[in-house]
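The values are calculated or read from the model by the stated rules, or taken from the named source; none is laboratory data. Keep in mind it's a predicted model, so treat the numbers as computed, not measured. Neighbour counts run over all protein chains shown; Cβ positions are idealised from the backbone, glycine included.
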Amino acid sequence: MNTQHALPPITLAANDYNRLLFTAMIRHKHNRRASNFLLKELRRARVCHPAALPEDVVSTNCRVIYRIDDEPKSRAHLLVHSEDLIWPSAEISVMTPLGTALLGLRVGDRMSFEEDGKLHEVCVEGIGLRFLDDGSTVTRTPGGIDWASDERRAR
């Protein structure tokens, strides 16, 4: 019996939505499949102000704890925009099938995605550290994170 599962609702912060829409459009001719999956998810997303994003929702710049296909061990990575990827072993680009599938899910949600011709299911188990845009500039570099407030930048 082939059972269709309803897609889980997703929520995105407006700043993520705008940047992801731009990225998907720019990359469409280079990676049509990834762009189409991301655009499909963006079309069904509920968009909110960044400050109103629930704490249990996966967003870019947050650490997400997840399990793929009921694996015995959970994984944890920082979900990032592809152009911000600097630690491939610790980060997932939102432009990958897994990254797009995780985007906007709540803890406990499950989402199917296709990678290398195989269908997988990811389950979100937790949300860790989240970097929010609060008017400060956050610079992630190998070896550390630098925080610069608007006041420091103005100097």
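Listed here are the strands (runs of 3 or more DSSP E) enclosed by the stretch 93-144 that have at least 3 residues being modelled with pLDDT under 95 and β-branched (Val, Ile, Thr): 137-141.
Checked against (1) without any contact (Cβ under 8 Å) to a residue 24 or more places away in the chain; (2) in a helix (DSSP H, G or I); (3) over 17 Å from GLY128 (Cα atoms), PRO72 passes all but a single condition, namely (2).
Condition check for ILE86 on (1) touching a Cys at 6+ places or on another chain (Cβ under 9 Å); (2) of a type in the set (A, V, I, L, M, F, W, C); (3) assigned to a loop (DSSP other than H, G, I, E, B): one failure, at (1).
The set of residues in the stretch 82-105 that are within 17 Å of ARG32 (Cα to Cα) and touching a strand residue (DSSP E or B) at 6+ places or on another chain (Cβ under 8 Å) comprises SER82, SER93, VAL94, THR96, PRO97, LEU98, GLY99, THR100, ALA101. Of the set (1) surrounded by 13 or more Cβ atoms within 10 Å (Cβ to Cβ); (2) within 17 Å of ASP109 (Cβ to Cβ), all apply to LEU78 but (2). Under the condition of being out of contact with any strand residue (DSSP E or B) (no Cβ under 9 Å at 6 or more places or on another chain) and among the aliphatic types (A, V, I, L, M), the residues counted in the stretch 35-81 number 2.
Looking only at the stretch 1-34, which residues are among the small types (Gly, Ala, Ser), surrounded by 13 or more Cβ atoms within 10 Å (Cβ to Cβ) and under 18 Å from MET111 (Cβ atoms)? Matches in the stretch 1-34: ALA24, ALA34.
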